[in-house]
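Remarks on the structure that follows.
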Amino acid sequence: MKRIGVLLVALLLAQGFASQVRELVLFPFAEGAAVQPTEEFNVGVEMLNALYAQLKEIPNLYVVRYRETNPSIQRALEENRLRRDRLTPPFNQREADGTWRAARIGAVMGANLAFAGRIEEFSYNPETREVTLTVSGELIDVATNEVLLTVAETGRGQLGRDETDPNLARIAAVAQVAERISIAMRERLAPAAEQPIKAEPRKQPDRRRERAIASIFVVVIGAILGASDL
């Protein structure tokens, strides 16, 4: 009986640990008419990468990027549970039944949250040597289809006196917007009053590694208890 009790405790601890981590799917951005095209800078990709880097630092949040090649999505396509024309931006729009497209796909992927947005403006003024970037988006609860947060952030980047590459200003604008969106999402998902005060920055844990350790822990205990019965 004692060994069974130990095993149950281990299972409960592992389950509690896993329940603390929420998974968020980050979708590619749609682009509005005010996006100034440029061959040397893909603002959609750069914005996605910068936001991913910011969001993965939020405690207890495991962030994955949406990919059409995801096995769960491919299965849903094969089983006709998902239409292929739903797999391209914009993802922050509602379907005929009121379900957010991002929430529908997020549910297929087994996620808790989804963030989808749109690049409203992206331009470079050669006279002022300034870049303007505006991004909007929604953070959606996949299970309830509820919008938890709506954001609309504008960032600007300007070349220094001795700088000539417009991409430097573009990168600065992207970083500014990504940081602002991340701050808003952090406050919504983990209010400041609930966050521990950090004396110094510390490295965030690897979410996949933590899950794997928890699973291995349970398996090892089960194996030990099983062997002791022989």
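FYI, it's all coordinate maths here, none of it is from the lab. The model shown is predicted, which means the values in this text are computed figures rather than measured ones. Every residue, glycine as well, gets a Cβ built from its backbone with ideal geometry; the counts of neighbours run over all protein chains shown.
Would you calculate the separation in nanometres between label points at N60 and T88, each defined as 7 Å from the Cα along the Cα-to-beta-carbon direction?
Output for this residue pair reads 3.9 nm.
Send over the per residue convex hull volume for segment 120-162, Cα only, as a whole number of Å³.
Given the Cα convex hull of segment 120-162, per-residue volume reads 68 Å³.
So how much slack lies between E78 and I183, counting 0.36 nm per residue of separation and subtracting their Cα-Cα distance, in nm?
Details: separation 105, 0.36 × 105 = 37.80 nm, distance 3.84 nm.
Between E78 and I183, full extension yields 34.0 nm more.
As an exercise, use a Förster radius of 25 Å and the Cβ-Cβ distance of E146 and A190 to find the FRET efficiency, rounded to the nearest 0.05.
Rounded to the nearest 0.05, the efficiency is 0.90.
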